[in-house]
Amino acid sequence: MDAIRQRYLMCRPTYFAVDYAINPWMDPTTPVDTDLAVRQWERLRRTYLDLGHEVELIEPVPGLPDMVFAANGGTVIDGTAMAVQFRDPQRADEAPAYRAWFEAAGFTVADPKHVNEGEGDLLLAGDHLLAGTGFRTAHAAHARVQEVFGYPVVTLHLVDPRFYHLDTALTVLDERTVAYLPEAFSPGSRAVLRRLFPDAVHATMADAEVLGLNAVSDGRHVVLPVQAVDLAAKLRDRGYRTIGVDLSELRRAGGGPKCCTLRLRQGRADT
Ligand code: ARG
């Protein structure tokens, strides 16, 4: 398995906090340790740099505590960035901040038109764009992303509120393989996943409950929460190299490594 050099966008959690609850992981009554969140995030960034990947940074905005979750800032495929539209008003102002970054970086920017939380719910797996719905990204957004990117979109219905974004329930490992938690999907969506990915890795509930599926793969190395021990063992059995990172403080907002990482795909050769 070959590693593909990646370009990522990340946002330092300078203003990270849990001030509101928009998913079941968030409890605004217990304070978070922002310095610890920053140290854990720095470690993640260092991990990518050590793997030879490129990391771009967007300036964090005060008052936007969830802006660290860059995966929700857009979807970038073949040099086009689809901007986002958040379901919740608390995150709404992140959308123009990310949009401005895409414009300044020279990407063609497309309007989302519907609730669309970026790579949190839209994951390119080979030639299919897997699209989650049920909690955040609207079903209507799926037709829009198919039109803009020209990849066949596969709608997947999420059914467990703890796994509210597709990237908390499914990880793309390479062009052909994914790992996922079957219980997080509707029966029909499970059947679709079995059909598309007969060799997929099935994660356990214990792995998913530590956000183990919120992982980032370059095709060879998989960066995942260090607590997801069973999943890491299964991935190693398949020949991947696993790198555990501890993002326990960011998990208190319902986020892991993938949430902190937006993949910037320039063109077809760099899928
Ligand atoms: N607190 C954030 C929210 O509920 C976490 C987002 C995590 N991002 C992700 N790509 N799953 O929106």
Per-residue HN-Hα couplings for segment 64-71 [Karplus 6.51, -1.76, 1.60; θ = phi - 60°; Hz; x = Gly/Pro]: 10, x, 8, 5, 4, 7, 4, 4
Cβ-based net charge around A125, under 9 Å, with every Lys or Arg adding one and every Asp or Glu removing one: -2
Among beta bridges assigned by DSSP with both residues in the chain, the antiparallel ones amount in percent, to the nearest 5, to 45
Quick one: accessible area per residue over segment 1-131, 1.4 Å probe, rounded to a whole number of Å²? 41
In whole Hz and in residue order, list the ³J(HN,Hα) couplings for segment 164-179 that follow from phi through the Karplus curve 6.51 cos²θ - 1.76 cosθ + 1.60, θ = phi - 60°; x for Gly and Pro. 7, 10, 3, 6, 9, 10, 8, 10, 8, 8, 6, 4, 10, 10, 10, 10
Identify the GluC sites (Glu not before Pro) of segment 115-212 meeting these criteria: DSSP loop state and at most 15 other C-beta atoms within 10 Å of the C-beta. E175
Ranked by GNM mean-square fluctuation in the chain (Cα springs under 10 Å), the top entry among A21, A105, A37 is A105
Run the simple label-point estimate for Q266 and D2 please: 7 Å along Cα→C-beta, distance reported in nm. 1.6
Identify which of L211, L51, L181 has the largest mean-square fluctuation in a Gaussian network model of the chain, with springs joining Cα atoms closer than 10 Å. L51
How far is the Cα center of segment 1-59 from the Cα center of segment 110-146, in Å? 22
Taking the dipole about the Cα centre of the chain, with the C-beta of Lys and Arg at +1 and of Asp and Glu at -1, give me whichever of M67, P112, V226 is farthest to the positive side. V226
From phi via Karplus (6.51, -1.76, 1.60), per-residue ³J(HN,Hα) for segment 144-150 in Hz, x at Gly/Pro: 5, 5, 5, 5, 6, 9, x
Carbon plus sulfur fraction of accessible area for segment 70-140, probe 1.4 Å, in percent: 49
Using 18 Å as the cut-off for backbone N distance, which residues of segment 37-80 belong to the label zone defined by a point 7 Å from the Cα of L196 along Cα→Cβ? 75-78
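Quick one: compute the contact order of the chain, relative version, from alpha carbon pairs under 8 angstrom and 6+ residues apart, as a percent. Could the numbers behind the result be given before it?
Numbers: 606 pairs, mean separation 62.9, N = 271.
Rounded, it is 23 percent for the chain.
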If the viscosity is 0.692 mPa s and the temperature 37 °C, what Stokes-Einstein diffusion coefficient in µm²/s follows for the chain when Rh is the Kirkwood radius over Cα pairs? 181
Taking the Cα-to-Cβ direction at H114 and at R87 and moving 7 Å from each Cα, how far apart do the two end points lie in nm? 1.4
Determine, from the Cβ-Cβ distance of Y20 and D237 and an R0 of 51 Å, the FRET efficiency 1/(1 + (r/R0)^6), rounded to the nearest 0.05. 0.80
Can you give the calculated 222 nm mean residue ellipticity of the chain, where each DSSP H run of n ≥ 4 adds -39,500 (n - 2.57) and the sum is split over every residue, rounded to the nearest 500 deg cm²/dmol? -7000 deg cm²/dmol
Modelled FRET efficiency - R0 41 Å, D33 with V159, Cβ distances, 0.05 increments: 0.80
What distance in nm separates the simple spin-label points at H139 and R176, each placed 7 Å from Cα in the Cβ direction? 3.4
Taking amide hydrogens as modeled 1.01 Å from N in the peptide plane, which residues meet the under 5 Å criterion relative to T108, leaving out close sequence neighbours? A81
Give me, ordered by chain and number, the residues 5 or more places off F185 or on other chains with an amide H under 5 Å from its own placed amide H. V159
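The values are calculated or read from the model by the stated rules, or taken from the named source; none is laboratory data. Remember, predicted model here, so these are calculated numbers, not experimental data. Glycine gets a Cβ as well: all are built from the backbone with ideal geometry, and neighbour counts include every protein chain shown. All accessible areas refer to the heavy atoms of the entire protein, side chains included, with ligands and DNA or RNA removed. Shrake-Rupley method; radii C 1.70, N 1.55, O 1.52, S 1.80 Å.
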